[in-house]
Amino acid sequence: MATMKNEIDFLLHLADNALIIGHRNSEWCGHGPILEQDIAITNIALDYIGQARNFYQHAAQLINQHPTDITINQTGNNMVLPATEDSLAYLRDVREFKNLLITEIPNGDWAYTTLRLYLLSEFELQLFTQLLQHTDAQVAAIAEKSIKEVSYHVKWSQDWVLRLGDGTEESKQRMQVAIEAIWAYTGELFIQPDYATAACLNYAAIQAAWNKKVSAVFEEAGLNIPSKTFVQKGGPDGMHTEHLGYILAEMQYLQRAYPNSEW
Amino acid sequence: MEQAFEQIFQDKIDREVRIEPKDWMPEKYRQTLIRQISQHAHSEIIGMLPEGNWITRAPSLRRKAILIAKVQDEAGHGLYLYSAAETLGISRDQMYDQLHTGKAKYSSIFNYPTLSWADMGVVGWLVDGAAIMNQVPLCRSSFGPYARAMVRVCKEESFHQRQGFEILYVLSKGTEAQRKMAQDAINRWWWPSLMMFGPKDDESPNSIQSMKWKIKRFSNDELRQKFVDVCAEQVKVLGFTLPDKDLKWNEERGHYDFGPINWDEFWQVVQGNGPCNKERLDARKKAWEEGAWVRDAALAYANKKAKQKQVAA
Ligand SMILES: [Fe+2]
Ligand SMILES: [Fe+2]
Ligand SMILES: [Fe+2]
């Protein structure tokens, strides 16, 4: 059933987004600029790992119920069955990951990290709000739980965009540099993946709401939205930057080096 | 006059009445506590690094989540402890400065590298375990803010210890390679863990005064012995061994005998020559220095907002 494969792919897309941005944010742990903020970003990383687990677990459940729909993935390898949250996170390779490119680009400085999180979580807030209407009650339930966390991420990261945008000359400049660098990855947020076929989804509406909120925050912060609008895309279809391979090499190393082990 | 205060102070201590920040206290008591609490805070913060080292490589999502939460707890411990020390009249920035310039020490255990996943188990079991042994008595420290901070800290540390033990338990039931990984980690961490209790009693000059002030309740050697006795039993549950050929139950003493500690190694690490002293301190300094512009911006922004509020009012 094509719709089942679509739902599974879409769940993997959401799970991969959460896992990869969680990984990036967790890289700050122990290295943050302020102890309280180190705790905050680590906590955000933990939220994302939790979301990833929820989405992977649900995807695994559907995969195991409908194995013939999806066992052959894009690169032609057989997916490991039965699927688990860990087989999905640790035993797929770069071309099978469906995360947005914005989640995998390196952290850069604190301006880059907080701006990226802000732009992404405004998107997630809109997306998850639509998913509350998903016909699969499990997806709606995960979305509901995630919205609580994402609302806090929006607030926390927005505060940083304002603080840095309207802080010192240096912070403003760093924030502007970050905007120039990240902007090319924002267009991808609004390209509806082919497998995002759930009736509740409306990417045009997500984009409109996102534009409105982001412009308002940028204006308050005194930051400029770049005029050039080239869009880097491909993540949701498995076409990634070179960075993702390194993330996976690191993340998956134990599972790959010691296959079939319990941890 | 001073003597009378001193008398009242010691009297309170003897009656187990907590000393609070506003109470009179001997300058030496204040300084000793600042040193002890700030070292402890620094240890929590530096301690985030060896375990943080494995967050991105944790072998399952569940383990990853537990590890992130644990390292975050350690940051929280640092936070309470810095706050407790601040009540004694030193600022967090001053304490950081002492850390970064090498004036303040932190627990030497964190100058050892975490080389395998099993280290996450052993650090929880032995390092958090030794920390608990040291810290439970501090919940009764004569200084109120420290004692209260330690109650929260100890609760979480015992979680950490159980989680660490559980990591090792799973490895012990795992493949040959996993068992080897775990035994190797135990071998590397055992002796440094014993050193966490500090020098032998006869070489620990500050201890007697600290005991009298009840900011220390048991001697280093007493606590070390207690730790050895507990671990010697727990390691049997795992089916691993502790790397000490002299470890043997002594019926007469009612304790385990154990082999000599390499105190030369201990002092080398204390003096900065451990395998990771430089990395650990450099990582903290880098975070601090690269964070300067962020802190400046946050401050400038807060000032701007406060001014705007004033104007508006
Ligand atoms: Fe600790
Ligand atoms: Fe701790
Ligand atoms: Fe701990």
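The values are calculated or read from the model by the stated rules, or taken from the named source; none is laboratory data. Since the structure is predicted, the reported quantities are computational estimates derived from the model, not experimental observations. When we count neighbours, we look across all protein chains shown, and the Cβ atoms used for this are built from the backbone with ideal geometry, even at glycine. Only protein heavy atoms, including side chains, enter the accessible area calculation; ligands, DNA and RNA are left aside. Shrake-Rupley method; radii C 1.70, N 1.55, O 1.52, S 1.80 Å.
Could you tell me how many of the residues in the range B:24-54 are more than 19 Å from B:Gln209 (Cα to Cα) and not in a helix (DSSP H, G or I)?
Counting residues in the range B:24-54 that are more than 19 Å from B:Gln209 (Cα to Cα) and not in a helix (DSSP H, G or I) gives 2.
Spot the failing condition for B:Ser43; the list is (1) more than 16 Å from ligand 2 (Cβ to nearest atom); (2) under 30 Å from A:Ile39 (Cα atoms); (3) open to solvent by less than 20 Å² (accessible area, probe 1.4 Å), and only one is missed.
Result: B:Ser43 passes all but (1).
Pairs please, first residue from the range B:57-77 and more than 8 Å from every other protein chain (Cβ to nearest Cβ) and among the basic types (Lys, Arg), second anywhere and open to solvent by less than 30 Å² (accessible area, probe 1.4 Å) and within 14 Å of ligand 2 (Cβ to nearest atom), Cβ atoms under 7 Å, 6+ apart in sequence or on different chains.
Matching pairs, first to second residue: B:Lys70/B:Glu51; B:Lys70/B:His160.
Looking at (1) among the charged types (D, E, K, R); (2) away from chain A (no Cβ under 14 Å); (3) crowded, with 16+ Cβ neighbours inside 10 Å, find the lone condition where B:Asp202 falls short.
Result: B:Asp202 passes all but (3).
On the basis of being without any contact (Cβ under 8 Å) to a residue 60 or more places away in the chain, away from ligand 1 (no atom under 16 Å from the Cβ), surrounded by fewer than 21 Cβ atoms within 10 Å (Cβ to Cβ) and within 19 Å of the chain's Cα centre (by Cα), does B:Lys22 make the cut?
Working: without any contact (Cβ under 8 Å) to a residue 60 or more places away in the chain: yes; away from ligand 1 (no atom under 16 Å from the Cβ): yes; surrounded by fewer than 21 Cβ atoms within 10 Å (Cβ to Cβ): yes; within 19 Å of the chain's Cα centre (by Cα): no.
Here the answer is no, as B:Lys22 does not meet what is asked.
Identify the residue in the range A:229-263 that is surrounded by 13 or more Cβ atoms within 10 Å (Cβ to Cβ) and of a type in the set (S, T, N, Q) and, among all such residues, is farthest from the other protein chains (Cβ to nearest Cβ).
So, considering only residues that are surrounded by 13 or more Cβ atoms within 10 Å (Cβ to Cβ) and of a type in the set (S, T, N, Q), the one farthest from the other protein chains (Cβ to nearest Cβ) is A:Gln232.
Could you list, in sequence order, all residues of the range B:101-133 that are more than 16 Å from ligand 3 (Cβ to nearest atom), more than 14 Å from chain A (Cβ to nearest Cβ) and part of a loop (DSSP other than H, G, I, E, B)?
B:Thr101, B:Gly102, B:Lys103, B:Ala104, B:Lys105, B:Pro113
Report every pair of residues separated by at least 6 positions or lying on different chains whose Cβ atoms are under 7 Å apart, first residue within the range A:94-114 and of a type in the set (Gly, Ala, Ser), second open to solvent by 10 Å² or more (accessible area, probe 1.4 Å).
Listed pairs, sorted by first residue: A:Ala111/A:Arg174.
Quick check on B:Gln36: is it open to solvent by 10 Å² or more (accessible area, probe 1.4 Å), at pLDDT below 95 and within 16 Å of ligand 2 (Cβ to nearest atom)? Walk me through how you get there before you give the answer.
On the way: open to solvent by 10 Å² or more (accessible area, probe 1.4 Å): yes; at pLDDT below 95: yes; within 16 Å of ligand 2 (Cβ to nearest atom): yes.
So B:Gln36 fits the description; yes.
Just one of A:Glu220, A:Glu188 is of a type outside the set (S, T, N, Q), in contact with a Gly (Cβ under 7 Å, 6 or more places away or on another chain) and in a helix (DSSP H, G or I); which is it? First the steps, then the outcome.
Values: A:Glu220 fails: in contact with a Gly (Cβ under 7 Å, 6 or more places away or on another chain).
Going through A:Glu220, A:Glu188 in turn, just one is of a type outside the set (S, T, N, Q), in contact with a Gly (Cβ under 7 Å, 6 or more places away or on another chain) and in a helix (DSSP H, G or I): A:Glu188.
Of everything in the range B:66-100, what is more than 14 Å from ligand 3 (Cβ to nearest atom), among the hydroxyl-bearing types (Ser, Thr, Tyr) and either surrounded by 17 or more Cβ atoms within 10 Å (Cβ to Cβ) or not in a helix (DSSP H, G or I) (or both)? Give them in sequence order. Step through it out loud before you land on a result.
Here is the first cut: in the range B:66-100, the residues more than 14 Å from ligand 3 (Cβ to nearest atom) are B:82-100.
Pick out the ones that are also among the hydroxyl-bearing types (Ser, Thr, Tyr) and you get B:82-83, B:87, B:91, B:96.
Once the filter is applied, which keeps residues that are more than 14 Å from ligand 3 (Cβ to nearest atom), among the hydroxyl-bearing types (Ser, Thr, Tyr) and either surrounded by 17 or more Cβ atoms within 10 Å (Cβ to Cβ) or not in a helix (DSSP H, G or I) (or both), the range B:66-100 yields B:Tyr82, B:Thr87, B:Ser91, B:Tyr96.
Going by what's in this entry, would B:Lys304 be described as over 22 Å from B:Met150 (Cβ atoms), touching a Gly at 6+ places or on another chain (Cβ under 9 Å) and within 14 Å of another protein chain (Cβ to nearest Cβ)?
On the way: over 22 Å from B:Met150 (Cβ atoms): yes; touching a Gly at 6+ places or on another chain (Cβ under 9 Å): yes; within 14 Å of another protein chain (Cβ to nearest Cβ): yes.
So B:Lys304 fits the description; yes.
Which condition breaks for A:Tyr118 when tested against (1) over 26 Å from A:Asn6 (Cβ atoms); (2) open to solvent by less than 20 Å² (accessible area, probe 1.4 Å); (3) touching a Lys or Arg at 6+ places or on another chain (Cβ under 9 Å)?
Of the numbered conditions (1) over 26 Å from A:Asn6 (Cβ atoms); (2) open to solvent by less than 20 Å² (accessible area, probe 1.4 Å); (3) touching a Lys or Arg at 6+ places or on another chain (Cβ under 9 Å), the odd one out for A:Tyr118 is (3).
Any chance you could count how many residues in the range B:271-313 are open to solvent by 60 Å² or more (accessible area, probe 1.4 Å) and either among the polar types (S, T, N, Q) or not in a helix (DSSP H, G or I) (or both)?
7
Test A:Gln158 against the criterion of being in contact with a helix residue (DSSP H, G or I) (Cβ under 8 Å, 6 or more places away or on another chain) and within 14 Å of another protein chain (Cβ to nearest Cβ), and give yes or no. It would help to see each step written out before you state the result.
Details: in contact with a helix residue (DSSP H, G or I) (Cβ under 8 Å, 6 or more places away or on another chain): yes; within 14 Å of another protein chain (Cβ to nearest Cβ): yes.
For A:Gln158, the condition - in contact with a helix residue (DSSP H, G or I) (Cβ under 8 Å, 6 or more places away or on another chain) and within 14 Å of another protein chain (Cβ to nearest Cβ) - is met.
Just one of (1) modelled with pLDDT of 95 or more; (2) surrounded by fewer than 16 Cβ atoms within 10 Å (Cβ to Cβ); (3) more than 11 Å from chain B (Cβ to nearest Cβ) trips up A:Pro226, so point out which.
(1)
So A:Ala143 passes all but one of these: (1) within 14 Å of another protein chain (Cβ to nearest Cβ); (2) in a helix (DSSP H, G or I); (3) buried (at least 23 other Cβ atoms within 10 Å of the Cβ). Which condition number does it fail?
Result: A:Ala143 passes all but (1).
For B:Phe5, state whether it is in contact (Cβ under 8 Å) with a residue 12 or more places away in the chain, touching a strand residue (DSSP E or B) at 6+ places or on another chain (Cβ under 8 Å) and more than 14 Å from ligand 3 (Cβ to nearest atom). Talk me through it step by step, then tell me what you get.
On the way: in contact (Cβ under 8 Å) with a residue 12 or more places away in the chain: yes; touching a strand residue (DSSP E or B) at 6+ places or on another chain (Cβ under 8 Å): no; more than 14 Å from ligand 3 (Cβ to nearest atom): yes.
Judged against the criteria, B:Phe5 is not a match.
Being open to solvent by 20 Å² or more (accessible area, probe 1.4 Å), among the aliphatic types (A, V, I, L, M), under 21 Å from A:Glu104 (Cα atoms) and in a helix (DSSP H, G or I), is that true of even one residue in the range A:200-214?
The answer is no, given that none of the residues of the range A:200-214 is open to solvent by 20 Å² or more (accessible area, probe 1.4 Å), among the aliphatic types (A, V, I, L, M), under 21 Å from A:Glu104 (Cα atoms) and in a helix (DSSP H, G or I).
Say we look at the range B:136-170 and pick out the residues that are within 14 Å of another protein chain (Cβ to nearest Cβ) and open to solvent by 10 Å² or more (accessible area, probe 1.4 Å); which of these is nearest to ligand 2 (Cβ to nearest atom)? Can you show your working first?
Of the range B:136-170, the ones within 14 Å of another protein chain (Cβ to nearest Cβ) are B:156, B:163-164, B:166-170.
From the residues that got through so far, the ones that are open to solvent by 10 Å² or more (accessible area, probe 1.4 Å) too are B:156, B:163, B:166-167, B:169-170.
On the way: B:Glu156: 7, B:Gln163: 13, B:Glu166: 18, B:Ile167: 17, B:Tyr169: 22, B:Val170: 23 Å.
Residue satisfying both the conditions and the ranking: B:Glu156.
Need the failing condition index for A:Leu35 against (1) closer than 26 Å to A:Gln138 by Cβ; (2) facing chain B (nearest Cβ under 7 Å), just the number.
(1)
Mind listing whichever residues of the range B:101-131 are buried (at least 22 other Cβ atoms within 10 Å of the Cβ) and away from ligand 1 (no atom under 16 Å from the Cβ)?
Selection gives B:Trp117, B:Ala118.
Only residues that are under 27 Å from A:Ile39 (Cα atoms), surrounded by fewer than 20 Cβ atoms within 10 Å (Cβ to Cβ) and among the polar types (S, T, N, Q): list them for the range A:153-193, please.
Selection gives A:Thr168, A:Gln173, A:Gln176.
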